[in-house]
Amino acid sequence: MEQPTVTQAIKALAPNAEFSYDTNGDGNWTITNWYSDDIDQPSNSDIEAKLTELQTDYNNKQYQRDRAVAYPALAEQFDKLWHDINNGTLDDTGEFFTALKTVKDNNPKPSE
């Protein structure tokens, strides 16, 4: 998942609209074309508010992204699970459980 963009913010406000916009070197942007039969062009402040909302959501899910890359590959997880079943260690002492618990312990979910 990447940082939210102006395009994503506009699409969140007007999913069926077609549009184009120009940016300049200082990060500002202006909608140059707007095509929608049912939704008026949102104001820049509405778009900025939606972009802020999307950015907040993105920031709040950082732990999920960190955790996702820390987990062993699925093939490795299934292998550990198979070995734990085969060895009779399908409990909190098995390799599958301890590998995933390590990831969860090292990447705790932030308190809300």
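The values are calculated or read from the model by the stated rules, or taken from the named source; none is laboratory data. Computed from a predicted model, the values in this text were never measured in an experiment. For neighbour counting, all protein chains shown are included, and Cβ atoms are generated from backbone atoms with ideal geometry for every residue, glycine included. With ligands, DNA and RNA removed, areas are computed over all heavy atoms of the protein, side chains included. Shrake-Rupley method; radii C 1.70, N 1.55, O 1.52, S 1.80 Å.
What the table shows:
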item	result
Pairs of lysines in the chain (C-alpha under 20 Å apart; 8 or more residues apart or interchain)	8
Net charge, Asp84 excluded, C-beta distance under 9 Å - Lys, Arg +1, Asp, Glu -1	-1
Relative contact order (percent, whole number), the range 1-95, Cα cutoff 8 Å, 6+ residue spacing	26
Rounded percent of accessible protein surface that carbon and sulfur make up, the chain, 1.4 Å probe	49
Relative contact order computed over the range 40-105 (Cα-Cα under 8 Å; 6+ residues apart), in percent	27
Estimated dipole of the chain in Debye, rounded to 20 [Cβ of Lys and Arg +1, of Asp and Glu -1, Cα centre]	360
Accessible surface, per residue, of the chain when the full set of protein chains is kept, probe 1.4 Å, Å²	71
Inter-probe distance in nm under a simple model that places probes 7 Å from Cα toward Cβ, at Ser45 and Ala70	4.1
